[in-house]
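S.K.: Below is a structure I'd like to ask you about.
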Number of protein chains: 2
Amino acid sequence: MTEAIHYSDPKALRLACRQGQWRSSTSGQCPGFVQANLAILPRDLAFDFLLFCHRNPRPCPVIEVTEPGDPILRETAHGADLRTDLPAYRVFRDGEVVEERTDLLDIWTDDLVGFLLGCSYTFDAVLEKSGFSLAHHAEGREPGVYVSNIDCRPAGRFKGPLIVSARAFAGDRVTEVVELTSRFRKTHGGPVYVGDPGELGIDLAKPDSEYGGFPLHLEKGQVPLFWACGVTPQAVARASRVPLMITHKPGHMFVSDLTVDEVLRD
Amino acid sequence: MTEAIHYSDPKALRLACRQGQWRSSTSGQCPGFVQANLAILPRDLAFDFLLFCHRNPRPCPVIEVTEPGDPILRETAHGADLRTDLPAYRVFRDGEVVEERTDLLDIWTDDLVGFLLGCSYTFDAVLEKSGFSLAHHAEGREPGVYVSNIDCRPAGRFKGPLIVSARAFAGDRVTEVVELTSRFRKTHGGPVYVGDPGELGIDLAKPDSEYGGFPLHLEKGQVPLFWACGVTPQAVARASRVPLMITHKPGHMFVSDLTVDEVLRD
């Protein structure tokens, strides 16, 4: 199955989310636009979380932070509403997912701060434009996402494992992929690891059940590349037993109006 | 007068500060090591300030943030003490400098958070090593520092003007200087402006009286280059009338154990 592009315009996709017409993964949608992970936290946890992002810029490249209590974005998608403009959300309480929802209208409060973090779906489109084929796109799926045995650098009450997404490329094209993705610091940059998944404690056949994605199969001559992944805050919510964190549902990203060219080298 | 290098080892310089034997500018000291601006804030202002830094990475490139209440550094100079290891400090209350001090031992409290921000003195050493002569070093001085007419992006209760440092180079070497300094994102990166000082509201003959430095004179064929400066938080403390911010005295930086090679492209 080849994945269909249903939306090319982020505003149209966000409106469809708001109106309940799109509840699916955003993988492959709106190619050329920056997609983002979401983490929403109470104001009193915001410093520790922003410091966590600063100390872990590969999994948590911050692209916008909202004013406390204000769900409206000003920078990456002027006027977009964090409460309604993603396809699906998760609510973590004390480190557990207590519900999945399609909007946050009745649980938004005046002390919530939203953090948008870059997403590797952004450079997937760039890779495809550069002639790379991505197995997960061919299957209409998200890339395989795995919990690594690497710990993030803690900050305040936030700690947890580094989550990674995996893609495979022919050995003679790895340099090109590294160079290309490294230009996108705001969408995780270059791979954090290249080679043996076992060294990261990962079995490629088994993407993590919480974060999902299409299991990566290696073709002859291919090497697996691992990028830091923006669902890391969700693993951190679990490990740190954070009282409240609201996130996107994995794969169901915020799609911004920023173009990939606008985040080059940012 | 050619500036003398008194110290080549950051640990020795920090010890001299701690023991009261060095109260001078650190411009030109410990070439090859990363120097840093200091801002210390109460915990309840830390999120707004870190967000201000995130939104203004050119003047405020964060290189280390301490744990609330702990004056000891862990990353850029293991075991260094923010209370004693700089030559001189300023204390701002409600936006005014209320005192300059040589240590913070009796005013340190359990809720203070320290922020170290990169400093352009770091790349001055790199420029000299690459064969550029710097007029301010030849005079044994700091570079001229000026208040620009550009506003920083506000965050929470922090707002204020962008402060810049100025250096002049021959027109045929500007590209080299831009390329070289752009590699050091953590020490302000490349210039924020090249050319007419009037456009920034700056008179080169008059460095700001608060921030000082050697007035920049243009030789024939030279163009002025302006870098975002890490005393910007001090201007922000004034403009925002912050209840409490403790900083280094301008020119009297924290000298870390990080080498310039360690912050390349960081």
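S.K.: Test residue B:212 against the stated conditions and say whether it is small (Gly, Ala, Ser), surrounded by 15 or more Cβ atoms within 10 Å (Cβ to Cβ), touching a helix residue (DSSP H, G or I) at 6+ places or on another chain (Cβ under 6 Å) and on the phi > 0 side of the Ramachandran plot.
M.R.: Against the criterion (small (Gly, Ala, Ser), surrounded by 15 or more Cβ atoms within 10 Å (Cβ to Cβ), touching a helix residue (DSSP H, G or I) at 6+ places or on another chain (Cβ under 6 Å) and on the phi > 0 side of the Ramachandran plot), residue B:212 does not qualify.
S.K.: Got a sec? Which of B:216, B:225 is farther than 27 Å from residue B:42 by Cα and not in a strand (DSSP E or B)?
M.R.: Only one candidate passes the filter, namely B:216.
S.K.: Checking residue A:126 against (1) more than 30 Å from residue B:114 (Cα to Cα); (2) touching an Asp or Glu at 6+ places or on another chain (Cβ under 8 Å); (3) modelled with pLDDT under 90: exactly one of these is not met. Which one?
M.R.: That leaves (2) as the condition not met.
S.K.: Quick one: in the stretch A:60-82, which of the residues that are in a loop (DSSP other than H, G, I, E, B) and within 11 Å of chain B (Cβ to nearest Cβ) is nearest to residue A:42 (Cα to Cα)?
M.R.: The selected residue is A:68.
S.K.: Look at residue A:87 and say whether it is more than 14 Å from chain B (Cβ to nearest Cβ), assigned to a loop (DSSP other than H, G, I, E, B) and out of contact with any strand residue (DSSP E or B) (no Cβ under 7 Å at 6 or more places or on another chain).
M.R.: Judged against the criteria, residue A:87 is a match.
S.K.: It is to be established whether one or more residues within the stretch B:102-116 are under 30 Å from residue B:224 (Cα atoms) and either modelled with pLDDT of 95 or more or surrounded by 17 or more Cβ atoms within 10 Å (Cβ to Cβ) (or both).
M.R.: Among the residues of the stretch B:102-116, at least one is under 30 Å from residue B:224 (Cα atoms) and either modelled with pLDDT of 95 or more or surrounded by 17 or more Cβ atoms within 10 Å (Cβ to Cβ) (or both), which makes the answer yes.
S.K.: Picking from A:80, A:39, which residue would you name as being touching a strand residue (DSSP E or B) at 6+ places or on another chain (Cβ under 6 Å) and crowded, with 23+ Cβ neighbours inside 10 Å?
M.R.: After applying the criteria, what remains is A:39.
S.K.: Could you count how many residues in the stretch A:165-205 are among the small types (Gly, Ala, Ser), in contact (Cβ under 8 Å) with a residue 24 or more places away in the chain and part of a helix (DSSP H, G or I)?
M.R.: Qualifying residue count, the stretch A:165-205: 1.
S.K.: For the stretch B:138-164, enumerate the residues that are small (Gly, Ala, Ser) and not in a helix (DSSP H, G or I).
M.R.: Selection gives B:140, B:144, B:148, B:155, B:156, B:160.
S.K.: I need a count of the residues in the stretch B:136-191 that are aromatic (Phe, Trp, Tyr) and modelled with pLDDT under 95.
M.R.: Selection size over the stretch B:136-191: 2.
S.K.: A further question follows. Just wondering, is there one or more residues in the stretch A:31-41 that are at negative phi, outside any loop (DSSP other than H, G, I, E, B), more than 9 Å from chain B (Cβ to nearest Cβ) and over 17 Å from the mean Cα position of the chain (by Cα)?
M.R.: No, every residue in the stretch A:31-41 fails to be at negative phi, outside any loop (DSSP other than H, G, I, E, B), more than 9 Å from chain B (Cβ to nearest Cβ) and over 17 Å from the mean Cα position of the chain (by Cα).
S.K.: Could you list, in sequence order, all residues of the stretch B:178-218 that are of a type in the set (D, E, K, R), out of contact with any strand residue (DSSP E or B) (no Cβ under 7 Å at 6 or more places or on another chain) and over 17 Å from residue B:250 (Cα atoms)?
M.R.: Matches in the stretch B:178-218: B:179, B:183, B:185, B:196, B:199, B:203.
S.K.: Right, residue A:47: touching a residue at least 12 places away in the same chain (Cβ under 8 Å), closer than 22 Å to residue A:237 by Cβ, outside any loop (DSSP other than H, G, I, E, B) and within 14 Å of chain B (Cβ to nearest Cβ) or not?
M.R.: Yes: the conditions hold for residue A:47.
The values are calculated or read from the model by the stated rules, or taken from the named source; none is laboratory data. It should be emphasised that the depicted structure is a prediction, and the values quoted were computed from it without experimental measurement. When we count neighbours, we look across all protein chains shown, and the Cβ atoms used for this are built from the backbone with ideal geometry, even at glycine.
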